[in-house]
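*Asks:* One structure coming up, written as structure tokens, with questions to follow.
Values quoted throughout were computed directly from the atomic coordinates according to the rules given, and no laboratory measurement underlies them. If you're wondering where the values come from, they're calculated on a predicted model, not measured in any experiment. Positions of Cβ are generated from backbone atoms using ideal geometry, with glycine treated the same way; all protein chains shown enter the neighbour counts.
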Amino acid sequence: MLKIQKITLLFLLAITTFSCKKKDKSEIGVDPVVETHFVSANLAVSVTKEQMQLQARAMGFGTQLNPLINYNTDFFKIVYKTTFQGKTIEASGLIGLPKNGPANPSMISGQHETRFLHSTAPSLLSISANGVSSSATGYEVLASMGYVVVIPDYIGFGSSENIPHPYYIREATAAAVVDMIKAAKEYLKSKQFATSNRLFLIGYSEGGYATLAAQREIETNPSNGLTVTGTAAGAGAFDLTTMLTEVSKSDLSYATSYITYLMESYNTYYNWKRPLSNVYNEPYATNIPGLFNGNMDVPAIASKLTFNLKDLLQPTFRTNLTVTGQETVLKTALRNNSFFDWYPKGQTRLYHGTEDEIVSYKSSQTAYDAFKSAGATNVSLKSVSGTHTTGYLSMMADVLPWLISIDK
């Protein structure tokens, strides 16, 4: 269990200040946003603070957050309009609103990790007697601490589950997050629910990537009408070329389900129509169709694949990943969906677990180095303990005090 006792006092001091904020007339009401994204909101579940304490414990936070979980919370499924491949579609996500919470709370957009099952879309949140929900992301607890929390399902889940998920496609990912934030603001304005102007972005794994994609979209496109106060992005494949190259150099990889997911996503999104036999050996080329239809979880998918890359990947394809001038279409797409054409302007923290077995630490290091070389002055890279799974808890132990300290 994660050891976070040493930050509890800091939490308590900070949350006391946060909870006692007075309404500032200049903050009452939501930033003016043209109502073009919000479609509908329906109550998903109401959660008591006691239930949320159980949920926090089930997710690995222990009981250390209990003193900070002060509010009962209503969670609503939000349906909103976004753009996908040039067309307007409806997507969905979750918004958590604390009941009788602090005046003018800030907004946090929490981006979840890689998911395969449609049944785990965040907007399907439910709470059982023991507080466990398969769709919970961990960010829901922040609403019980007094924040307005939005959690996009991503395209391919929730209301848009009929569309193949554009996994690690930067433009589609950013649109899903940013338009969800806009829709949430429109909804809050219609309910006369006042918030501050502060917006925080937090994400881990695919969510870390989604977080930087959203930050990039907000910072490079002022027409969004949004400003990011602080960003925390953990263990995402920020440098996709390095990620795939590093994996291809190894004979064994526990990331084969994710690599295959990415390859199939690109083949579909860009309509390459590349035969699976050009990439994978048999029987895997035959097994792959249908693996990512939203009905199979990671163990089921992994059982149809192998961790042995020599067995999984065609030898020529695997070799060409590291050869200059080969696999140029794929490499160009990977680079275009990375972050080498931009660097974060606002306060940004990158996180990565030192024992991450799924996403190479080098992916974060090369992205950080590129940001600094391009002129970034507000970006840091923080190593945290843990694997790809447990690194999330280590990241959040550092993020929460930092977030509270700059929420003013």
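*Asks:* Under unit Cβ charges (Lys, Arg +1; Asp, Glu -1), what dipole magnitude, rounded to 20 debye, does region 100-243 have relative to its Cα centre?
*Replies:* Using only the charged Cβ atoms, the result is roughly 400 debye.
*Asks:* Can you give me the three principal axis dimensions of region 114-170 from its C-alpha atoms, in Å, biggest first?
*Replies:* Projected onto the principal axes, the Cα atoms of region 114-170 cover 33, 24, 17 Å.
*Asks:* Express as a percent, rounded to the nearest 5, the fraction of DSSP beta bridges in the chain (both residues included) that run antiparallel.
*Replies:* 50 percent
*Asks:* Which of 296, 395 comes first, and how do the rest follow, when ranked by fewest Cβ neighbours within 10 Å?
*Replies:* Ascending Cβ contact count within 10 Å gives the list 296, 395.
*Asks:* For region 152-223, what does the alpha-carbon gyration tensor say about shape, rounded, prolate or oblate, given a ≥ b ≥ c as the root eigenvalues, a/c under 1.5 as rounded, and a/b over b/c as prolate?
*Replies:* The shape class here is oblate.
*Asks:* Place a point 7 Å from Cα of residue 221 in the direction of its Cβ. Which residues in region 147-178 have their backbone N less than 15 Å from it?
*Replies:* 155, 169-178
*Asks:* Using 1/(1 + (r/R0)^6) with R0 = 30 angstrom and r between the beta carbons of residue 40 and residue 63, what's the FRET efficiency to the nearest 0.05?
*Replies:* 0.25
*Asks:* Would you work out if region 97-146 is rounded, prolate or oblate? Take a ≥ b ≥ c from the square roots of the eigenvalues of the alpha-carbon gyration tensor; rounded if a/c is under 1.5, else prolate when a/b is larger than b/c, oblate otherwise.
*Replies:* Note, shape of region 97-146 comes out oblate.
*Asks:* OK, next. Please work out, to two decimal places, the log10 of the ratio I(q)/I(0) at q = 0.06, 0.08 Å⁻¹ from a Debye calculation in which every Cα of the chain carries one identical scatterer.
*Replies:* -0.23, -0.41
*Asks:* How long are the semi-axes of the equivalent ellipsoid of region 130-252, defined as square roots of 5 times the Cα gyration tensor eigenvalues? Whole Å, largest first.
*Replies:* 27, 18, 15
*Asks:* Specify the inter-centroid distance of region 54-122 and region 162-182, based on alpha-carbon positions, in whole Å.
*Replies:* About 16 Å separates the Cα centre of region 54-122 from the one of region 162-182.
*Asks:* Using alpha carbons only, how many angstrom separate the centre of region 323-365 from the centre of region 225-297?
*Replies:* About 13 Å separates the Cα centre of region 323-365 from the one of region 225-297.
*Asks:* With unit charges on the beta carbon (Lys/Arg positive, Asp/Glu negative), name the residue among 245, 325, 388 whose Cα is farthest towards the positive pole of the charge dipole of the chain.
*Replies:* 388
*Asks:* So what's the back-of-envelope 222 nm ellipticity for the chain, counting only DSSP H runs of four-plus at -39500 (n - 2.57) apiece and dividing by all residues, rounded to 500?
*Replies:* Mean residue ellipticity at 222 nm (helix-derived): -10500 deg cm²/dmol.
*Asks:* For q = 0.09, 0.14, 0.15 Å⁻¹, what log10 I(q)/I(0) does region 184-334 give under the Debye formula with an equal point scatterer on each alpha carbon and no solvent?
*Replies:* For region 184-334, the Cα-only Debye profile gives -0.40, -0.81, -0.88.
*Asks:* Moving to a separate point now. For region 323-408, what does the equivalent ellipsoid look like in terms of its semi-axes, each the square root of 5 times an eigenvalue of the Cα gyration tensor, given largest first in whole Å?
*Replies:* Working from the Cα gyration tensor, I get semi-axes of 27, 19, 10 Å.
*Asks:* Per 0.36 nm of contour for each residue apart, how much would the distance between residue 250 and residue 81 grow if the chain were fully extended, relative to their Cα-Cα spacing?
*Replies:* Net length gain for the segment: 56.7 nm.
*Asks:* Okay, moving on. Extension gain residue 328-residue 357, at 0.36 nm per residue separation less the Cα-Cα distance, in nm?
*Replies:* 7.8 nm
*Asks:* For residue 171 and residue 277 in the same chain, what is the full-extension length gain: residue separation times 0.36 nm, less their Cα-Cα distance, in nm?
*Replies:* Full extension of this stretch gives 35.3 nm more.
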